[in-house]
1. Restricting to the stretch 45-55, and then to whatever is over 16 Å from the mean Cα position of the chain (by Cα) and surrounded by fewer than 14 Cβ atoms within 10 Å (Cβ to Cβ), can you tell me which residue is farthest from L112 (Cα to Cα)?
2. Please count how many residues of the stretch 63-122 are touching an Asp or Glu at 6+ places or on another chain (Cβ under 7 Å), over 30 Å from A178 (Cα atoms) and open to solvent by 30 Å² or more (accessible area, probe 1.4 Å).
3. Please work out which residue is farthest from M51 (Cα to Cα), limiting yourself to the stretch 187-209 and to residues that are assigned to a loop (DSSP other than H, G, I, E, B) and hydroxyl-bearing (S, T, Y).
4. Looking at the stretch 238-268, which of its residues are small (G, A, S), crowded, with 18+ Cβ neighbours inside 10 Å and touching a Phe, Trp or Tyr at 6+ places or on another chain (Cβ under 9 Å)?
5. Looking at the stretch 246-260, can you tell me whether even one residue there is among the charged types (D, E, K, R), closer than 26 Å to F120 by Cβ and not in a strand (DSSP E or B)?
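The values are calculated or read from the model by the stated rules, or taken from the named source; none is laboratory data. Just so we're clear, the structure is a prediction, and the values are computed from it rather than from any experiment. Methodologically, a virtual Cβ is constructed for each residue, glycine included, from the backbone with ideal geometry; neighbour enumeration extends over all protein chains shown. The accessibility values were calculated without ligands, DNA or RNA, using every heavy atom of the protein model including side chains. Shrake-Rupley method; radii C 1.70, N 1.55, O 1.52, S 1.80 Å.
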Amino acid sequence: MSETLRAMVAAFVVMAGVSAQSTSTRPSFIEFEVASIKPTPPGTEGRWIRMQSTHEFAAKNHALKTLVAAAYNLNPRAISGGPAWIDSDRFDIVAKAPSEIRPNLDEQMSMLRKLLSDRFQLMFHREQKELRVYALTIAKGGPKLKESTVSPDALPEGPPPLIFVVSPQFVRLPGRDATMAELASVMQRAALDYPVLDKTGLTARYDFDLEFAPDETVFGGALGGGADDSSKPGLLAAISQQLGLRLEATRGLVEALVIDHVERPSQN
């Protein structure tokens, strides 16, 4: 075997080993390595949860109830029980993930659930409750969605999360390789005041761009009425016109979370 061929074979073996190692040694992301929880300073505006970097997770200006809602993929109205401070007290969290590999959204929320259990001593049970909800269904004329052609192998960390992008004129929700369950989830967690149930029956993954003008009925009224000169429709009209879907206000059974015990967070 020539020296050149030996080098090529050796390089292939090393590359194959690295590839296999990266697949087999992906961390389990059971819990954050370290986390700081502090009261939010008075007068703080804005609220978010996101990865600040590959390994730094942060939540800003969140009540315990909204942290629980994010961690367990619920609308806050589907959470009951607990003392009054779970709605009124606000917290800032900075936590370090246990790897230089960036955790995906499910892994981030898994570690947040462990943090809530350990630091807030959160205990709860679940109940089926009938609540006011939005049903996400297919609009008259059918869906206007493009099926995603992205291979799962091209997304080792999973599909990109659905995140609302706010500009002065309108709000944009870019969806890439997204399911209807994920669309319903982000609507109920961030945009709408009530749980959203996926009743579309659509099971594929889709690419889409949703653009709408905010008003007092979305994001808890935090964005006000939006820009007066916006040419974009409101959320409900945009869902119908751009995606061929419908959000219908109704009542439905929701798996609610009832808090049995919780404490203010332990020391950092």
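1. Kept after step one, since they are over 16 Å from the mean Cα position of the chain (by Cα), are these residues of the stretch 45-55: 45-46, 53-55.
Narrowing further to those that are surrounded by fewer than 14 Cβ atoms within 10 Å (Cβ to Cβ): 45-46, 53-54.
On the way: E45: 22, G46: 20, S53: 16, T54: 16 Å.
Applying the filter and picking the extreme gives E45.
2. Number of matching residues: 2.
3. Filtering the stretch 187-209 down to residues assigned to a loop (DSSP other than H, G, I, E, B) leaves 192-195, 199-205.
Subset that is hydroxyl-bearing (S, T, Y): 194, 200, 203.
On the way: Y194: 26, T200: 31, T203: 28 Å.
Here the residue is T200.
4. A238, the sole residue that qualifies.
5. If we filter the stretch 246-260 for residues that are among the charged types (D, E, K, R), which is where we start, we get 246, 248, 251, 255, 260.
Those left that are additionally closer than 26 Å to F120 by Cβ: 255, 260.
Filter once more, so that each one left must be not in a strand (DSSP E or B): none.
Checked against the condition, which is being among the charged types (D, E, K, R), closer than 26 Å to F120 by Cβ and not in a strand (DSSP E or B), the stretch 246-260 yields no hits at all.
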